[in-house]
Amino acid sequence: MGGGTADDDALLDGATLGRVVHRMASSMVEQLADEFAREEVALIGIRRGGIGLSLRLASEVQKLNGKELP
């Protein structure tokens, strides 16, 4: 983890990250069904990677339940 490229330091490759995000979104849709129905769910992302993850997760949730998150 020292001195290499960003790819050398990556914990997950793109395909694995995609599967993780899909699992997270599926769990959210399942566990927060009532909150989604009442439009009480929002995602936020913290700088340094969290914003991108939040956007990707929101996109996956929308694919799964058809609801757009703020």
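Every number here is computed from the coordinates shown, using simple stated rules; none is lab data. Being a predicted model, the structure only gives us computed values, none of them experimental. Methodologically, a virtual Cβ is constructed for each residue, glycine included, from the backbone with ideal geometry; neighbour enumeration extends over all protein chains shown.
Within the range 38-70, which trypsin sites (Lys or Arg not before Pro) sit in a loop by DSSP and count at most 15 neighbouring Cβ atoms inside 10 Å? Let's see the in-between values first.
Working: sites: ARG38, ARG47, ARG48, ARG56, LYS63, LYS67; in loops: ARG38, ARG47, ARG48, LYS67.
Within the range 38-70, the qualifying trypsin sites (Lys or Arg not before Pro) (loop, at most 15 other Cβ atoms within 10 Å) are ARG38, ARG47, ARG48, LYS67.
Would you kindly give the portion of the calculated P(r) for the chain that falls above 15 Å, as a percent of all Cα pairs? Could you put the intermediate results ahead of the total?
Details: 1393 of 2415 pairs.
Of all Cα-Cα distances in the chain, 58 percent exceed 15 Å.
Residue by residue, what Karplus-based ³J(HN,Hα) values in Hz, rounded to whole numbers, does the range 36-46 have, using 6.51, -1.76 and 1.60 with θ = phi - 60° and x for Gly and Pro?
Along the range 36-46, the couplings run 5, 4, 8, 6, 10, 10, 9, 10, 10, x, 9 Hz.
Using a Gaussian network model of the chain whose springs link C-alpha atoms within less than 10 Å, name the residue from ALA42, ALA25, ALA15 with the highest mean-square fluctuation.
Of ALA42, ALA25, ALA15, the Gaussian network model singles out ALA15 as fluctuating most.
Could you work out the local net charge near VAL21, counting Lys and Arg as +1, Asp and Glu as -1, over the other residues with Cβ closer than 11 Å to its Cβ? Mind dumping the intermediate values first?
Working: positive: ARG19, ARG23, ARG56, LYS63; negative: GLU60.
That sum, taken over residues with Cβ under 11 Å, equals +3.
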